[in-house]
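Just below is one structure, and these are the notes that go with it.
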Amino acid sequence: MERIAFIAAIVLVFYGVVPGIGAFVVRARWRLFRARMIDASLRPSVGYVQLRSNDPSAGYLGVYRCFGTLEAIQADDTLWITDGKISLAVRMSDEHVYYLAPGLYASGTDQNELPDDTPTIVPWAKVGSLPEGTRMFVCGPLYVQNGTAVFRSDGATSLTVLIYDGSPESVLERSIWSGRHRNEYWNQLTPGSLAAGSLSLLILASVYIGSPWLRSSAILAVAGSLMPVLPLMPPGVPLFFVYRRWWQQARSLRAERDLMRLPLRFDDTLRGGASDGQQYEQRPVTPEEAQQLLSAGARLRSASLPQAQVGDQMVGFGMIDAQGVLTRPSDPLSEFLVVQGDPAIVSGRCDRRARSLERLAAVAFSAGLALNLYLALVVMNWLLR
C-alpha cells in the first residue's frame with residue numbers, strides 16, 4: 001500500500017501540482033495584461049497641450065498613454081517615439097515588450113476574424129533591432145526631466161509597451177481577444193515536470209521489477225510513466241480531440257465574454273471620460289439604425305451562443321455628436337460598435353457556457369486517459385505474466 005501511495009504521489013506532484021502552479025501563473029499573467037490594457041484605455045492621452053500646461057520642472061505628471069512610431073533607440077535602453085506632434089522618451093530598463101499578433105480588422109465584420117495567436121512577450125534585453133517607424137503603444141507613469149517628457153516605471157507601476165500593426169482602433173479589441181494562453185496546463189513548467197515524473201516512475205519500476213513480490217507495483221509504475229502520452233493513443237484518442245475542441249470553444253467564449261463587457265467599462269464618472277473628454281454613450285438601436293452605423297464604420301460584435309440566448313436587441317456604442325447621433329469617437333480606444341444582445345446579459349451567459357465546456361473538456365480528457373490507462377495495465381499484466 002505504501003508503494004502504491006508513493007507512485008500516486010509522484011503522479012500527483014509531477015503531472016498535477018507542478019503544471020498546475022504554472023497554469024495559475026500563466027493565467028494570472030495574461031489576466032494582468034488584459035487588465036492593464038483596459039486601465040490604459042481609461043487613461044488620458046499625452047499631447048502637446050498637456051505638456052505645455054505643466055511646469056518644465058514638474059517631475060511626475062501622472063499615468064498617460066500614447067500611440068506613436070519609433071524614431072530612434074538611444075543608449076540601448078531608451079526609445080524615442082513620436083505621435084507626429086511631440087517626441088517622448090521611453091525608458092525600457094527591466095521592461096517587457098508585447099508583440100500583438102496581426103489580424104484582420106474591417107468595418108462591419110465580427111470578432112471571428114480576430115487573431116487567435118497569443119501576443120509574444122519579450123524582455124527588452126532580448127529585443128533585437130527595431131526599424132524606424134515601428135508602431136508602438138505605451139502607457140505608464142510620465143515624467144518631465146530637463147524639459148523632456150519621459151515614460152518610465154516608478155517602481156510600483158511598470159510600463160505597458162505594445163508593438164502592433166494595423167490601425168490603433170484595433171489594438172484594444174485584439175489585445176483582449178488574444179491576450180490569453182491557448183491551454184494553461186501546457187506552460188513552461190509542464191515539459192520538464194512530465195519528463196521528470198515519467199523518468200522517476202521508470203527508475204522506480206526498474207527497482208521493483210527485480211522482485212516477483214513487487215510485480216504489481218512495477219506494472220503500476222510503468223503505466224504511470226506512460227501517462228503523458230496515453231491520451232494520444234487509441235482507443236482513447238478521439239476523446240482527446242473532443243477535449244481540445246471543447247477547451248478551445250471555452251477559450252473563445254471567455255474572450256467573447258470579455259469583449260462584451262469591454263464597452264461597459266465606462267462608469268457614470270467616466271461617461272464622456274474617454275481620454276479626449278467626448279461623451280461616450282450606449283443606446284438601443286433598430287436594425288435599420290444598426291445597418292446605418294455599420295455603414296458608417298462601426299464594428300459588429302456578437303457571441304457564438306444560440307440566438308435565443310442572445311436575443312434580437314441591438315445596442316450601439318459611440319460618441320454623441322451635436323445632432324445626438326452616434327459617431328466614431330476620436331479616441332482610438334473608445335470603440336464604435338453595434339452589439340447584438342444586451343452586453344451585460346450576454347457576457348454572463350458566455351461565462352457560464354465557458355465554465356460548462358471547461359468541465360466537459362476535463363471529463364472527456366479524464367475518460368480517455370482512464371480508458372487507455374486501464375488497457376495499458378491489462379496489456380502489461382499480460383506481457384509480464
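Residue-level check: of (1) modelled with pLDDT under 95; (2) assigned to a helix (DSSP H, G or I), Ser198 misses just (1).
Could you please let me know if Asp331 is open to solvent by less than 40 Å² (accessible area, probe 1.4 Å), more than 27 Å from Pro231 (Cβ to Cβ) and of a type in the set (D, E, K, R)? Spelling it out, Asp331 is indeed open to solvent by less than 40 Å² (accessible area, probe 1.4 Å), more than 27 Å from Pro231 (Cβ to Cβ) and of a type in the set (D, E, K, R). Among the residues that make up the range 337-350, is at least one of them surrounded by fewer than 18 Cβ atoms within 10 Å (Cβ to Cβ), more than 23 Å from the chain's Cα centre (by Cα) and within 30 Å of Arg65 (Cβ to Cβ)? Scanning the range 337-350 turns up at least one residue that is surrounded by fewer than 18 Cβ atoms within 10 Å (Cβ to Cβ), more than 23 Å from the chain's Cα centre (by Cα) and within 30 Å of Arg65 (Cβ to Cβ).
For Ile203, the conditions (1) within 30 Å of Arg251 (Cβ to Cβ); (2) loosely packed, with under 15 Cβ neighbours inside 10 Å; (3) among the aliphatic types (A, V, I, L, M) all hold with the exception of (1). Return a yes/no flag: does the range 183-196 have any residue that is among the small types (Gly, Ala, Ser), buried (at least 21 other Cβ atoms within 10 Å of the Cβ) and either closer than 30 Å to Val127 by Cβ or touching a Gly at 6+ places or on another chain (Cβ under 8 Å) (or both). There is at least one residue in the range 183-196 that is among the small types (Gly, Ala, Ser), buried (at least 21 other Cβ atoms within 10 Å of the Cβ) and either closer than 30 Å to Val127 by Cβ or touching a Gly at 6+ places or on another chain (Cβ under 8 Å) (or both). Note on the range 109-152: residues that are farther than 25 Å from His181 by Cβ, at pLDDT 85 or above and touching a strand residue (DSSP E or B) at 6+ places or on another chain (Cβ under 7 Å) total 13.
When the residues of the range 310-327 are filtered to those that are small (Gly, Ala, Ser) and open to solvent by less than 40 Å² (accessible area, probe 1.4 Å), which remaining residue is modelled with the lowest pLDDT?
Ranking the candidates gives Gly324 first.
Residues being in contact with a strand residue (DSSP E or B) (Cβ under 9 Å, 6 or more places away or on another chain) and in contact (Cβ under 8 Å) with a residue 40 or more places away in the chain are entirely absent from the range 353-360. Six or more apart or on different chains, Cβ under 6 Å: which pairs go from a residue in the range 18-34 that's touching a residue at least 12 places away in the same chain (Cβ under 8 Å) to one that's in a helix (DSSP H, G or I) and surrounded by 13 or more Cβ atoms within 10 Å (Cβ to Cβ)? Could you list them? If the second residue must be in a helix (DSSP H, G or I) and surrounded by 13 or more Cβ atoms within 10 Å (Cβ to Cβ), the pairs left are Val18/Ser193; Pro19/Thr190; Pro19/Ser193; Arg34/Ile176. Checking each residue of the range 44-51 against the condition of being modelled with pLDDT under 90 and open to solvent by less than 60 Å² (accessible area, probe 1.4 Å) gives at least one match.
Just checking: which of the strands (runs of 3 or more DSSP E) contained wholly in the range 67-181 hold 2 or more residues that are among the hydrophobic types (A, V, I, L, M, F, W, C) and open to solvent by 20 Å² or more (accessible area, probe 1.4 Å)?
120-123
Residue pairs whose Cβ atoms lie under 6 Å apart, sitting 6 or more positions apart in sequence or on different chains, and linking a residue in the range 319-336 that is closer than 19 Å to Arg65 by Cβ and among the hydroxyl-bearing types (Ser, Thr, Tyr) to a partner that is modelled with pLDDT of 85 or more and open to solvent by less than 40 Å² (accessible area, probe 1.4 Å), are Ser334/Tyr280.
The values are calculated or read from the model by the stated rules, or taken from the named source; none is laboratory data. Everything numeric in this text was worked out from a predicted model, so none of it was measured. So basically every Cβ, Gly included, is an ideal-geometry build from the backbone, and we count neighbours across all protein chains shown. For accessibility, only protein heavy atoms count, side chains too; no ligands or nucleic acids. Shrake-Rupley method; radii C 1.70, N 1.55, O 1.52, S 1.80 Å.
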